[in-house]
1. Please give the FRET efficiency for Q440 paired with S162, using the beta carbon to beta carbon distance and R0 = 41 Å, rounded to the nearest 0.05.
2. With 10 Å bins from zero, work out the P(r) of the range 147-252 over every alpha carbon pair and list the percent per bin.
3. State whether the range 322-373 is rounded, prolate or oblate according to the following rule on the C-alpha gyration tensor (a ≥ b ≥ c being the square roots of its eigenvalues): a/c under 1.5 gives rounded; otherwise a/b larger than b/c gives prolate, and the remaining case gives oblate.
4. So how much slack lies between T191 and H170, counting 0.36 nm per residue of separation and subtracting their Cα-Cα distance, in nm?
5. Per 10 Å bin, what is the whole-percent P(r) computed from every C-alpha pair distance within the range 268-316?
6. Suppose the Debye formula is applied to equal point scatterers at every Cα of the range 1-114; what is log10 I(q)/I(0) at q = 0.10 Å⁻¹?
7. Starting from the Cα of N15, step 7 Å toward the Cβ, then list every residue of the range 70-89 with an amide N under 13 Å from that point.
8. For the chain, list the DSSP H helices whose alpha carbon atoms reach 24 Å or more along the long axis and whose average Kyte-Doolittle value is 0.0 or above?
Amino acid sequence: MFKDFESALDFIETNQIRMVDLKFVGLTGRWHHVTLSAKEFKPGLMTGGVGFDGSSVGLKSVKSGDMALIPDLSTAIIDPFWDTPTLSFICNTVEADTKKLFHRDPREILRRSEAFMRACGIADESRWGPEFEFYVFSNVNYENHTQSAYYQIDAVEGFWNSAAPVIPQHGGYHAIPPRDQTFQLRTRMVTLLEEAGIPVKYHHHEVGSPGQCEIETPILGMMEAADASMLIKYIVKMAAHQEGQVATFMPKPLFGEAGSGMHFHQQLFKNGINAFYDAQGPNLLSKTALYYIGGLLTHAPAVLAFTNPSTNSYCRLVPGYEAPVNCFFSSGNRSAAIRIPKYATQPEKVRFEFRPPDATCNPYLAMSAMLMAGLDGIRNQIDPTAAGFGPIDENIFAWSPERRATIKALPTSLSEALAALNKDHDFLLAGEVFDEETIQDWIKAKAAEEHALRTRPHPYEFELYFDL
C-alpha cells in the first residue's frame, strides 16, 4: 500500500488513524500482533522496530529470544474489525541487536526460495493461486481433560437439524439459496477482502453440506499469495465471529463429510513468459513444467510435512474422497496429487495445482517447500512419467488393490510425513533457503503434537473397547 514511511505517515494523519497494528507469523503459522498508538509511528520504527520474545512463538530459544518487528509498509490495510481506526501491517522479524532480517523468519525463507529460483536462471517470477475451503458452524464446543474428552458441532445447514435435509450429505457443491444459507456471509467476507486489496476470483458453497465454503483468489505473486493466505484466514474468521458464527479451516472437522483443503495452483514466469507453457507439449505443458512436477511428486512425502502439518490433515487424506492419497498427475482427475486444469489453455494461464495441502500449514514454509521440490526436479530433469507418476486419467479407485499399489502413496499420518522429511530434505537446503536447525525444530514441534494426540484415549475407543 505504501512505498515509503512518509506516505504511510501522511495517510495516518489524513485519515485520523489512532492505532497501528503489527502482525507477525510464528513458526507453526499462527499470527500474533502488538498494537501501537499512532503517535508512536515514528521514523525510528523502521530501523529499531518493536521488541518481542521470539521464543514464545517458536522462532528462537529462550536463552536468546529477543527479537524485533519492522513493518512491511507494502502490506498495509485498514483493519475492518476495530472500532477505533486502525492501520495494520504484516511485519518482518529482525535480530534485536543487529536489526538484520532473522534467517528463520518464515517470510524471509520464502524470499530466499524465490531468490534461489532466480539465481538458478530457471525463472524470475513464481506465481501462485491458493484455494481456501472452510466450514462455517453456528456453535462449537470441545473439552480435553484427564477424565473427559469431547467435541460438539452445530451448523445452521446441518442435515442433522432437519427431517428433510436442506442440503443432503455430500450434496453442497455449488448449492443455491435458499439451501445455501452462507452466501450472504461469504459475500461480506469477499467484500472485506477486496476492500483490503486482496483480489477474489469467486466464492461458492462446497461439497460439505453443513456450511462448507470456498473462496479462491486469482494467480498472485509468491509473497503476495502467502500474505493473502494469512489475511484471508483472519478476515474469514473475524467476519464469521461478528455474525455469531465460527469459521474453521481445520482439514476434517466432521466425520463422514468432505474435508477442507488448500490447493495451490503454480506457475513460473521468465521475462514475462509462462515457463510452463508449450503449445506442442502434453496437456500444453513444457519440459520445465514436467520436470517441476517430477520434483514435487518425488519429494511429496517430505513436502507434506510442511503442507499438511497436523494430525487432522491425515483424517482428510483418505481414499474415497476427492483428497489425493497417491503420487500421480493427471489432466482433470481430482483424485490426483497434481491436477492439470483442462480449462486453462491460454499461454499465460497454463498451470497445474498441487491438491494435498490444507490450511493448517504455515503458507510461507509450505510454498517454499513446494517451490524447492519443483526446482530440484528442474535442476535434475526428473521426468515424472519415467519416475512412474503418470499421467493417469483413470479412476484409480476402480483398479484392483494390486494395480493401485504400483502407484507411490502419500503419507497416511503426520509421523510418516515427518519421517519422510527427516530422511529427505537436502533439496530444501539448496541455496541455504532452509537450514538444518529450522527443519529439525519443525520436526520436533510437530512430533510433539502427534505424541500428545497418540497418548490420549479417543472417545471412539470407548465405543470399541470399553466392554471388553
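Read-outs throughout are calculated quantities, based only on the coordinates presented, and are distinct from any laboratory measurement. Because the structure is a prediction, the values reported are computed rather than measured. Counting neighbours? That spans all protein chains shown, and the Cβs are built from the backbone with ideal geometry, glycine included.
1. Details: r = 50 Å, r/R0 = 1.23.
E between Q440 and S162, to the nearest 0.05, is 0.25.
2. 14, 42, 31, 11, 2
3. Here the range 322-373 falls in the oblate category.
4. Details: separation 21, 0.36 × 21 = 7.56 nm, distance 2.76 nm.
Between T191 and H170, full extension yields 4.8 nm more.
5. Spelled out bin by bin, the range 268-316 gives 24, 33, 26, 16, 1 percent.
6. Each listed q corresponds, in turn, to -0.29.
7. Once the point is set 7 Å along Cα→Cβ of N15, 74-82, 85-89 turn out to lie under 13 Å by backbone N, inside the range 70-89.
8. Working: long enough: 222-242 (30 Å, 0.48); 436-454 (26 Å, -0.95).
Going by DSSP H runs, the hits are 222-242.
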